[in-house]
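Q: Got a structure here, written out as structure tokens. Questions coming.
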Amino acid sequence: MNPTYATAFSIAILVAVIIFWGLSRISLPRRSGFEALEDPEAAQAYDRISRWPQFRMLRRMVAGKLARYQTEGSLPAPACPGGQGRLVADIGCGPGYLATLIAQRYPHLHVVGFDSSCEMIRTARLNAAALDLSDRVEFREGDVSSLPVPEGTLDFAVSTLSLHHWSDPGRALAEFSRVLKPGGQLLIFDLRRDPRRFFHWLMRFAQSWVVPGALRRIHEPLGSLLSSYTVAEVENLFAQSQFHEWKVEGGPAWFFAWARKRLPAPSPGG
Ligand SMILES: C[S@@+](CC[C@H](N)C(=O)[O-])C[C@H]1O[C@@H](n2cnc3c(N)ncnc32)[C@H](O)[C@@H]1O
């Protein structure tokens, strides 16, 4: 064979093997309790990386999904007069950027962000104040397993990149079921522990070379990936929850889980 063709052929085979290998899924053993975002330095570093384009893209994606659910049910469209006073909560809100984006996009909604870290709540309040949104977005300390809101209060609950921290996700789903209004919806986004292999290596690379030192010291972002759940595990969580209507959509390295709280059965008389 002509040496040029032989080289090109070898390179093509190598590239094909790398692509095939990189796209195969890896299933990693679960390790919990890595992250410590209560640490002020780590919280500030997380605040900074939250402004990176990939995080902005995620928030736009989640806010876009809310628009879809507005037309489907628990959140009336902005023009609908019944929309006033609708309450959306972001659980594990971190520095609050998703909550403020939702408030900006949907001015008819009131948004509340909950986080178990007082450092994150402090940062989120500052970020909302900088956008002049403090009157429509509030941030409160609260743990997902016992949210400081009465039963049947929320029209919609969202949560991004937080599930993998929760010590008892089954308890958290029961709490969502308690705080949502009948017909209210829940949308959770998180990493999956069975990602495409190349994503796993990308996370390793990011941890070694890209993220600020304060996050590297607490094993991020690999720690989040290793403490996340596989799609099958998430499906199992929902199957055992009070939610009867739910779906989990898996992506290359993440998933979206959606659920709706059941409406009360109509009374026999009508
Ligand atoms: C990786 S950050 C994600 C922040 C934000 N949602 C985002 O997408 O950028 C995870 C957040 O979940 C919060 N968190 C962890 N465990 C929690 C719990 N049990 N209840 C409420 N928030 C929690 C952490 O304090 C942290 O701010």
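The values are calculated or read from the model by the stated rules, or taken from the named source; none is laboratory data. Not measured: the values here are computed from a predicted model. Every residue, glycine as well, gets a Cβ built from its backbone with ideal geometry; the counts of neighbours run over all protein chains shown. We work out accessible area using only protein heavy atoms, side chains counted, and drop any ligands, DNA or RNA first. Shrake-Rupley method; radii C 1.70, N 1.55, O 1.52, S 1.80 Å.
Q: Determine ³J(HN,Hα), in whole Hz, for all residues of region 163-179 in sequence, where each value follows from phi through the Karplus function 6.51 cos²θ - 1.76 cosθ + 1.60 and θ = phi - 60°; x replaces Gly and Pro.
A: 3, 5, 8, 6, 6, 9, x, x, 5, 4, 5, 5, 5, 4, 4, 5, 7
Q: Pull out the extension gain between residue 132 and residue 60, defined as 0.36 nm times the separation in residues minus the alpha carbon to alpha carbon distance; nm, one decimal.
A: 23.9 nm
Q: Quick one: what are the phi-derived ³J(HN,Hα) couplings along region 183-190, Karplus 6.51/-1.76/1.60 with θ = phi - 60°, whole Hz, x for glycine and proline?
A: x, x, 10, 10, 10, 10, 10, 7
Q: Still on this model: Between residue 68 and residue 30, what FRET efficiency comes out of the Förster formula 1/(1 + (r/R0)^6) with R0 = 35 Å and r the beta carbon distance, rounded to 0.05?
A: For R0 = 35 Å, the calculated efficiency reads 0.65.
Q: Something else now. Quick query: amide H of residue 90 versus all other amide H atoms, modeled in the peptide plane; which residues come in under 5 Å with a sequence gap of 5 or more or a different chain?
A: 112, 113, 114, 158
Q: Need one word for region 1-53: rounded, prolate or oblate. Basis is the Cα gyration tensor (sqrt eigenvalues a ≥ b ≥ c); a/c below 1.5 gives rounded, then a/b vs b/c decides.
A: Verdict is prolate for region 1-53.
Q: What ³J(HN,Hα) values, in whole Hz, does the Karplus curve 6.51 cos²θ - 1.76 cosθ + 1.60 give for region 208-225 when θ = phi - 60°, with x put for Gly and Pro?
A: 7, 10, 10, 6, x, x, 4, 7, 4, 5, 9, 6, 9, x, 4, x, 5, 5
Q: Mind listing the Cα extents of the chain along all three principal axes, in Å, largest one first?
A: Ordered largest first, the chain gives principal extents of 82, 47, 36 Å.
Q: A further question follows. For region 129-243, what class follows from the C-alpha gyration tensor (a ≥ b ≥ c being the square roots of its eigenvalues): rounded when a/c is under 1.5, otherwise prolate if a/b is larger than b/c, else oblate?
A: oblate
Q: Count charges around residue 246 for me, please; just the other residues with Cβ under 9 Å from its Cβ, Lys/Arg as +1, Asp/Glu as -1.
A: 0
Q: A further question on this structure: FRET efficiency for residue 218 and residue 1, Cβ-Cβ distance as r, R0 = 45 Å, nearest 0.05?
A: Computed FRET efficiency for residue 218 and residue 1: 0.30.
Q: What is the local net charge at residue 112, summed over the other residues whose Cβ is closer than 13 Å to its Cβ (Lys, Arg +1; Asp, Glu -1)?
A: -2
Q: What FRET efficiency comes out for the pair residue 244/residue 48, r = Cβ-Cβ distance, R0 = 51 Å, nearest 0.05?
A: Calculated transfer efficiency: 0.80.
Q: At 1.4 Å probe size, with every protein chain present, just tell me what the per residue accessible area of the chain comes to in Å².
A: On a per-residue basis, the chain sits at 49 Å².
Q: Also, quick follow-up: Taking 7 Å along the Cα-to-C-beta vector as the label spot, tell me the residue 15-residue 263 distance in nanometres, rounded to one decimal.
A: Here the modelled spin labels are 5.4 nm apart.
Q: Assuming a viscosity of 1.002 mPa s and a temperature of 20 °C, what translational diffusion coefficient in µm² per second does Stokes-Einstein assign to region 143-210, Rh being the Kirkwood radius over Cα pairs?
A: Roughly 155 µm²/s, to the nearest whole number.
Q: Give the peptides 114-123, 41-50 in descending order of average Cβ contacts within 10 Å, highest first.
A: Descending packing order for the listed peptides: 114-123, 41-50.
Q: Here is a further query. Quick one: if you take sqrt(5λ) for each eigenvalue of the C-alpha gyration tensor of region 95-197, what semi-axes come out, biggest first, whole angstrom?
A: Calculated on Cα positions only, the semi-axes equal 22, 18, 14 Å.
Q: Still on this structure: Give the ranking of 1, 57 by solvent-accessible surface, highest area first, calculated with a 1.4 Å probe.
A: The ordering from most to least exposed comes out as 1, 57.
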